[in-house]
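Below: one structure, written as structure tokens.
The values are calculated or read from the model by the stated rules, or taken from the named source; none is laboratory data. Since this is a predicted model, take the numbers as computed values, not measurements. Positions of Cβ are generated from backbone atoms using ideal geometry, with glycine treated the same way; all protein chains shown enter the neighbour counts. Calculation scope for accessible area: heavy atoms of the full protein, side chains included, ligands and nucleic acids excluded. Shrake-Rupley method; radii C 1.70, N 1.55, O 1.52, S 1.80 Å.
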Amino acid sequence: MKVINSTKLSTPDKIDLAKAALANDIVLLSRLIASIPGDESLSNTTKYYATRFLRWFENRNDALPFAIFAAQGNVKLPFFAFSSLPGFDCPGAGACLYGEGKERSAENFAKGWCYSFKAWRYPAAFFRQLQNSVLLRSNAGRSLIEFEFLKIPENRTLRLYVDGDFANLTILRFWLDLAKKRKDLEIYGYSKSWQLFLDLEKQGYVFPANYLLNISSGSKYGNKIKEEMLGLSCTRGEFVAVPVARKHIASKAYQDKGNVGSKEYRKDVLQRLKETGHAKRFACPGNCGNCIAKKVHACGSDKLRGVTIAIGIHT
């Protein structure tokens, strides 16, 4: 049996934990968590969060170990936010998850440029995502999510899926039906699960007016499916990743328009979009709370319908 021998788990270690939990293999999950070095009583450590998760997982009647929604997020994301596991909940992922031109195989899983795996360096973030992925997979779990969703204060903004994606049609419909119950909320997000949206539309489903979708690059689907997605009433437009010079990443110019080099970085992003034929363009400055104006963000703005928004990546 594999033994985890580091207090700071690698991405492959966490993938093993996620596989065990999503397969409901309590025996394997318990063994993997027991093998993590460290003192489970020391807060903010991997052992501490892993043990909290396991105790809940063994008896789902106990209180949740992590909040389902991140309330008001942080300085960079000053909205309510929901995440689940990247990769495991991303049926439409392509290059972002497996790498450019690589086969969609277990060997290439998490070898792409998906930024969500970087959040796994924070153990609480990983186990919150894992908890939410587990909850989404059962009626009882979705009921808990709905309960917390309905408690979000009035007239707030929710970013639906900072990490992860709509894993199947049941989960997609679940979220969109919830949006209809809270018309006061402004809900936006990103997805590569394009075929699920198109399947739902073919069933005659009416998308909620308070949900805006950004269709993101790195999907396994081609241009035909993308064009169909751009025609949906809920779609704001494309959100794409474009290659930029390493210096923009190294200097963190891509993180906030107040950072040194941000103007040059955004100019380069816009040039990339122009070269690839995008007529309407906007360069993401990196900080959702300081995007167009204070707490006004392009990805959730109906005024930017049809505009391609891009971020820079170094590949």
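Determine the equivalent ellipsoid of region 211-315 by diagonalising the alpha-carbon gyration tensor, then write out the semi-axes as square roots of 5 times the eigenvalues, largest first, rounded to whole Å. Don't skip to the answer; put the middle values down first.
Working: eigenvalues 108, 56, 22 Å².
They are 23, 17, 11 Å, listed from largest to smallest.
Over the alpha carbons of region 41-133, what is the largest minus smallest coordinate on each principal axis, giving the biggest first in Å?
For region 41-133, the Cα extents along the three principal axes come out at 43, 32, 24 Å.
Using only the alpha carbons of region 7-88, determine the length spanned along each of the three principal axes and report them from longest to shortest in whole angstroms.
The principal-axis extents, from largest down, are 38, 28, 26 Å.
If region 145-194 were replaced by its equivalent ellipsoid, with semi-axes equal to the square roots of 5 times the Cα gyration tensor eigenvalues, what would those be, largest first, whole Å?
Details: eigenvalues 71, 29, 17 Å².
Semi-axes from the Cα gyration tensor: 19, 12, 9 Å.
Using just the C-alpha positions of region 103-183 as equal point scatterers, what log10 of I(q)/I(0) does the Debye formula give at each q in 0.14, 0.18, 0.21 1/Å?
Treating every Cα as an identical point scatterer, log10 I(q)/I(0) equals -0.59, -0.92, -1.15.
Considering only protein heavy atoms and a probe of 1.4 Å, how much of the accessible area of the chain is carbon and sulfur, as a whole percent?
Values: 7820 of 15150 Å².
The C+S portion of the solvent-accessible surface of the chain is 52 percent.
Counting only pairs 8 or more residues apart or on different chains, how many lysine pairs in region 151-239 have their Cα atoms under 27 Å apart?
17
For every other residue with a beta carbon closer than 13 angstrom to the beta carbon of residue 214, add +1 if it is Lys or Arg and -1 if Asp or Glu, then tell me the sum.
+2
Find the accessible area per residue for region 185-243; the probe is 1.4 Å, ligands and nucleic acids are left out, and the unit is Å².
Working: 2250 Å² over 59 residues.
Per residue, region 185-243 has 38 Å² of solvent-accessible surface.
If you take the C-alpha gyration tensor of the chain, multiply each eigenvalue by 5 and take the square root, what semi-axes do you get, largest first, in whole Å? Don't skip to the end; give the middle numbers.
Values: eigenvalues 196, 112, 76 Å².
So the equivalent ellipsoid measures 31, 24, 20 Å along its semi-axes.
Sorted from largest down, give the three principal axis spans of the alpha carbons of region 166-229, whole angstrom values.
Principal extents (largest minus smallest coordinate, Cα): 34, 22, 19 Å.
To the nearest 10 degrees, how steep is helix 46-58 against the longest Cα principal axis of the chain, on a 0 to 90 scale?
Between helix and principal axis, roughly 80 degrees.
How large is the helix-only mean residue ellipticity at 222 nm for the chain, computed as the sum of -39500 (n - 2.57) over DSSP H runs with n ≥ 4, divided by its residue count, in deg cm²/dmol to the nearest 500? Present the calculation step by step, with values, prior to reporting the outcome.
Numbers: 11 runs with 112 residues, N = 315.
Calculated from helices alone, the mean residue ellipticity at 222 nm is -10500 deg cm²/dmol.
Scaled to the compact-protein estimate 2.2 N^0.38 Å, what is the alpha-carbon radius of gyration of region 261-315, rounded to two decimal places?
Details: Rg = 11.2 Å, N = 55, 2.2 N^0.38 = 10.1 Å.
Rounded to two decimals, the normalised Rg is 1.11.
Computed over the Cα atoms, what is the radius of gyration of region 71-209 divided by 2.2 N^0.38 Å, N being its residue count? Write out the running numbers ahead of the final one.
Values: Rg = 15.3 Å, N = 139, 2.2 N^0.38 = 14.3 Å.
Working it through for region 71-209, the quotient is 1.07.
Just to confirm, what accessible area per residue do you get for region 86-133 at 1.4 Å probe, in whole Å²? Display every interim value, and only then the final one.
Numbers: 2110 Å² over 48 residues.
Accessible area per residue: 44 Å².
Measure nothing but the geometry: give the 0 to 90° angle between the long axis through the Cα atoms of 123-136 and the longest principal axis through the Cα atoms of the chain, rounded to 10°.
90 degrees
Rounding to the nearest 10 and keeping the result within 0 to 90°, find how far the Cα-based axis of helix 262-275 lies from the longest principal axis of the chain.
With both axes taken from Cα atoms, the answer is about 70 degrees.
Out of all DSSP beta bridges with both ends in the chain, state the antiparallel percent to the nearest 5.
Values: 4 of 28 bridges.
Percent antiparallel among DSSP bridges in the chain is about 15.
Net charge around residue 312, counting only other residues with Cβ within less than 12 Å of its Cβ (Lys, Arg = +1; Asp, Glu = -1)? Can you show the working numbers first?
Numbers: positive: 246, 247, 252, 266, 267, 272; negative: 264, 268.
Summing Lys and Arg as +1 and Asp and Glu as -1 gives +4.
According to the Kirkwood expression over distinct Cα-Cα pairs, how big is the hydrodynamic radius of region 151-282, in Å?
Details: mean 1/r = 0.0603 Å⁻¹.
Evaluated over region 151-282, this radius sits at 16.6 Å.
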